[in-house]
Amino acid sequence: FPNTAFFLQINLRLILVSGKTKEFLFSPNDSAADIAKHVYDNWPMDWEEEQVSSPNILRLIYQGRFLHGNVTLGALKLPFGKTTVMHLVARETLPEPNSQGQRNREKTGESNCCVIL
C-alpha cells in the first residue's frame, strides 16, 4: 500500500471572518500550531487582504472552541475522507479556560460566579 498515507489525511475547510474559505489536507499528527504555520507559509492568494504578520496569532476554532496549539487533529477524532470545517482567526491571546464560564458551565458543572435564575 504505497499510498495509504493519502487516505489517512484529514481535509480541513478553513473559514476566515470575512467568509472566504480554503481547503487544506493534514495528517492526524498535525497540531493546531502546525496547521497555523502551514497555512501561514502557504497563504492563499485570494486571502491577501487578511494576511497576518505571524503564524503565532492564527487560531483555529472547532465547534465553537479555540484549539490550543499542541492539540492534534487525531486527538479531536476528526473523520478521514470527509471535510471538517474550522474557523481561522487572527488573535494575539487565547481566552482563559474559564473566561467562557457562561457557555461551558453546563458542560463542566462548575461556575466561577453566582448566577441566580
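Table for the structure above
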| read-out | value |
| --- | --- |
| Projected label distance in nm at T21 and H68, using a 7 Å step from Cα toward the beta-carbon | 3.0 |
| Calculated SAXS-style log₁₀ I(q)/I(0) at q = 0.24, 0.27 Å⁻¹ - the stretch 10-90, Debye, Cα scatterers | -1.25, -1.61 |
| Accessible surface, the stretch 10-90, averaged per residue in Å² (probe 1.4 Å) | 56 |
| Within-10-Å neighbourhood charge of S18 [Cβ basis; K, R +1; D, E -1] | -1 |
| Residues whose placed amide H lies under 5 Å from that of S27, excluding near-sequence neighbours | I10 |
| Share of carbon and sulfur in the accessible heavy-atom surface of the stretch 10-90 [1.4 Å probe, %] | 51 |
| Protection-proxy order for peptides 20-29, 64-73, each taking the mean of Cβ atoms within 10 Å per residue, highest first | 64-73, 20-29 |
| Cα centre as origin, Lys/Arg/Asp/Glu Cβ charges: the stretch 10-90 dipole, Debye | 400 |
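The values are calculated or read from the model by the stated rules, or taken from the named source; none is laboratory data. Bear in mind that the values here come from a model prediction, so they are computed numbers and not experimental data. Neighbour counts are summed over all protein chains in view; Cβ atoms, including those assigned to glycine, are modelled from backbone coordinates with ideal geometry. Accessible surface is based on the protein model in full, side chains and every heavy atom, while ligands, DNA and RNA are left aside. Shrake-Rupley method; radii C 1.70, N 1.55, O 1.52, S 1.80 Å.
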